[in-house]
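Worksheet for the structure shown next.
The values are calculated or read from the model by the stated rules, or taken from the named source; none is laboratory data. Owing to the predicted nature of the structure, the values given are computational and were not obtained by experimental measurement. Glycine gets a Cβ as well: all are built from the backbone with ideal geometry, and neighbour counts include every protein chain shown. To get the accessible areas, we keep the full protein, side chains included, count just its heavy atoms, and leave off ligands, DNA and RNA. Shrake-Rupley method; radii C 1.70, N 1.55, O 1.52, S 1.80 Å.
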Amino acid sequence: IVSSLVLVAAEEYTSAQYCDKTTKSCGNNDEVSYGKKHIFYDVNPPEGFNLRRDVYMRFAIMLAEAQKQGKDNWELVLPPWYNLYHWRSGRRQPTPWNKYFDIKSLKSYSPVVEMHEIFSKTKKKELEIDVLYILENYENPFENGVFNEKWHVKGECEYDGLYWGYNNITAKEVLCVQFQGKVSQLWELIALHPHASKIMFTHGEIPLHDTYGTKSYWDCRKSMKFNKNLIHIAKDYIAEYLKCKTERCATYLSVHWRRQDFARSRGNQVPSIAGTAKQIRKAFKKLPDMNKVFIATDASMSEINKLEKALTDYGYETHFFLPSPSIIEEYGDGGIAIIDQIISSHAAYFIGTHESTFTYRIQEEREILGFESSTTFNRLCPDTGHCEKSTNWLIVD
Ligand code: GFB
């Protein structure tokens, strides 16, 4: 099957919708419940939290746009957070999105539903996905030097993934598909199975945004509000240690200092510890009345201590968010990452790490808060060599 069959499939898709609206169940799916069909997705296991947030946006926008065009019988299932490569603090249970985000706000933008809601609404103890598409990249994305959107169903194959840590989820049919292009092209694959009501895509990072940086992008981004408890923890910290009670603080500078795999494999793009301290000192020269710095980081304790010493020696009051055991227990690494991001977002001036999606999400948050872009799109440079300027990723209202 190749993408040229789409026209026929698209007609079938329309009739499937009709079937759903009138009978509330269709084909072999009388277990399907409350008249909704569901799209599930997963992401390549090594990908981090903030790339996953971007993948969510691609799917959420796809569903929101479809809803605007009257395809209102589909919901996006929020993939529980499970076993993330960078999360080492020991949280091993699948974690629902409401731990980190404001679900009401997500729902105000796109028809999304938590995995546990599917179980409770359908009153089922097990869940069978009708069709699971394993997305793969094409070996050569550029045919004759041109990147064309396309897909190709290779045939049945095996899924060896973990279903977000659930052992009561299975798939009836598993198909491997080469795919390149925009996320909305997935509707063509969905249309191949008009009677299926539960479709899953793995490697959700392969489909691209339909459009980057548009109003839809930012509307979706704005709806990704954090869980209120995390906001409270961050704001209490800002008030107590950074002495600010307003949205846009004038009391501290913040830095996202990405270490771990970045320091190991991108040594020529990130600064040394002494180089980081020097660059922070340089930034402070533009902020003469300030001497507090907040560092968000995944660095080891020994690196943190060294940076703190270098900054203290320069005379700066240096802060890191060090979570209590109860915060670690309750929110895990994901919650601590968000608290670090919130604190960094409210600073008078921000310096990020080049090409880190963790930094990008802080920059977006600052755009939403209305900071001057010159205070946001700043990066740490390598100690020597060329330092490309940060791209200004400006909000569109
Ligand atoms: O968020 P993330 O996709 O950002 O992945 P990058 C990095 C993870 O490291 C986060 C932790 O989810 C956090 O768990 N982390 C990084 C931090 N910086 C901080 C910080 O300042 N504070 C806290 N609390 N945690 C990409 C990955 O990382 O890097 C890719 O998504 C790949 O999978 C690539 O590994 C090299 O975009 O920085």
Mind checking which aspartates and glutamates have their Cα closer than 16 Å to the Cα of residue 309? Skip sequence neighbours fewer than 8 apart in that chain. 317
List every residue whose amide H lies under 5 Å from the amide H of residue 129, counting only residues 5 or more places away in sequence or on a different chain, with H placed 1.01 Å from N in the peptide plane. 170, 171, 172
Pop out the ³J(HN,Hα) list for segment 163-177 in order, Karplus 6.51 cos²θ - 1.76 cosθ + 1.60 with θ = phi - 60°, rounded to Hz; leave Gly and Pro as x. 6, 6, x, 8, 9, 10, 10, 9, 10, 6, 9, 10, 10, 8, 9
Expressed as a rounded percentage, what relative contact order does segment 24-155 have, with Cα pairs under 8 Å and six or more residues apart? 23 percent
Once amide H atoms are placed 1.01 Å from N in the peptide plane, what residues at a sequence separation of 5 or more from residue 351, or on another chain, have their amide H within under 5 Å of its amide H? 254, 255, 256
Probe 1.4 Å, all chains present, heavy atoms only: residue 159 accessible area in Å², nearest 10, is 50 Å²
For residue 184, what accessible surface area do you get with a 1.4 Å probe? Give it in Å², rounded to 10. 50 Å²
Can you send over the solvent-accessible area of residue 160, 1.4 Å probe, protein chains only, in Å² to the nearest 10? 140 Å²
Quick one: what are the phi-derived ³J(HN,Hα) couplings along segment 381-397, Karplus 6.51/-1.76/1.60 with θ = phi - 60°, whole Hz, x for glycine and proline? 9, x, 4, 9, x, 5, 10, 5, 5, 5, 7, 7, 9, 8, 5, 10, 9
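At a threshold of 8 angstrom on Cα-Cα distance, excluding pairs fewer than six apart, so keeping six or more, what relative contact order does the chain reach in percent?
Working: 666 pairs, mean separation 72.7, N = 397.
Contact order relative to length: 18 percent.
What does the charge count near residue 105 come to, summing +1 for each Lys or Arg and -1 for each Asp or Glu among other residues with Cβ under 12 Å from its Cβ?
Result for the local shell: +4.
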On a 1.4 Å probe surface of the protein chains, which of 313, 102 comes out largest in accessible area, and what is the full order? 313, 102
Report in % the part of the accessible area of segment 277-376 that belongs to carbon and sulfur, leaving out ligands and nucleic acids; probe 1.4 Å. 52 percent
Of 182/282; 71/172; 99/389; 228/282; 36/222; 68/228, which pairs sit farther than 32 Å apart, going by alpha carbon to alpha carbon? 182/282; 99/389; 228/282
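With only Lys, Arg, Asp and Glu charged, each at its Cβ (+1 for the first two, -1 for the last two), find how big the charge dipole of segment 213-340 is about the Cα centre; round to the nearest 20 debye. Walk me through the numbers on the way to the answer.
Details: 21 positive and 15 negative charges, 145 e Å.
That gives segment 213-340 a dipole magnitude of about 700 debye.
Could you sort the peptides 164-171, 192-199, 377-384 by per-residue average Cβ neighbour count (10 Å cutoff), highest mean leading?
Numbers: 164-171: 15.2, 192-199: 20.6, 377-384: 18.8.
Output ranking for 164-171, 192-199, 377-384: 192-199, 377-384, 164-171.
What do the square roots of 5 times the Cα gyration tensor eigenvalues come to for the chain, in whole Å, largest first, as semi-axes of the equivalent ellipsoid?
Working: eigenvalues 350, 101, 74 Å².
Working from the Cα gyration tensor, I get semi-axes of 42, 22, 19 Å.
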Local electrostatic count at residue 304 - Lys and Arg +1, Asp and Glu -1, tallied over other residues with Cβ under 12 Å: 0
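Ignoring ligands, DNA and RNA, what percent of the 1.4 Å accessible area of segment 94-195 is carbon and sulfur?
Details: 2440 of 5040 Å².
Carbon-and-sulfur percentage of accessible area, whole number: 48.
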Which peptide among 315-322, 270-277 comes first, and what is the full order, when sorted by highest mean count of other Cβ atoms within 10 Å? 270-277, 315-322
Listed by chain and number, the residues whose amide H is under 5 Å from that of residue 112, excluding neighbours fewer than 5 places away on the same chain and using placed H, are 76
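Could you grab the relative contact order for segment 202-304? Cα pairs under 8 Å, six or more apart, rounded to a whole percent.
On the way: 54 pairs, mean separation 31.2, N = 103.
Here the relative contact order equals 30 percent.
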Averaging over every viewing direction, what projected area does the convex hull of the Cα atoms of segment 228-312 cover, in nm²? 6.6 nm²
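Can you compute the charge dipole magnitude of the chain about its Cα centre, using +1 on each Lys and Arg Cβ and -1 on each Asp and Glu Cβ, nothing else charged? Give it in debye, rounded to the nearest 20. Spell out each step's value before the answer.
Working: 49 positive and 51 negative charges, 278 e Å.
Dipole magnitude for the chain comes out near 1340 debye.
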Once the other residues with Cβ under 14 Å from the Cβ of residue 321 are scored (Lys, Arg +1; Asp, Glu -1), what is the net sum? -4
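When ligands, DNA and RNA are left out and all protein chains stay put, how many square angstrom of accessible area per residue does the chain have with a 1.4 Å probe?
47 Å²
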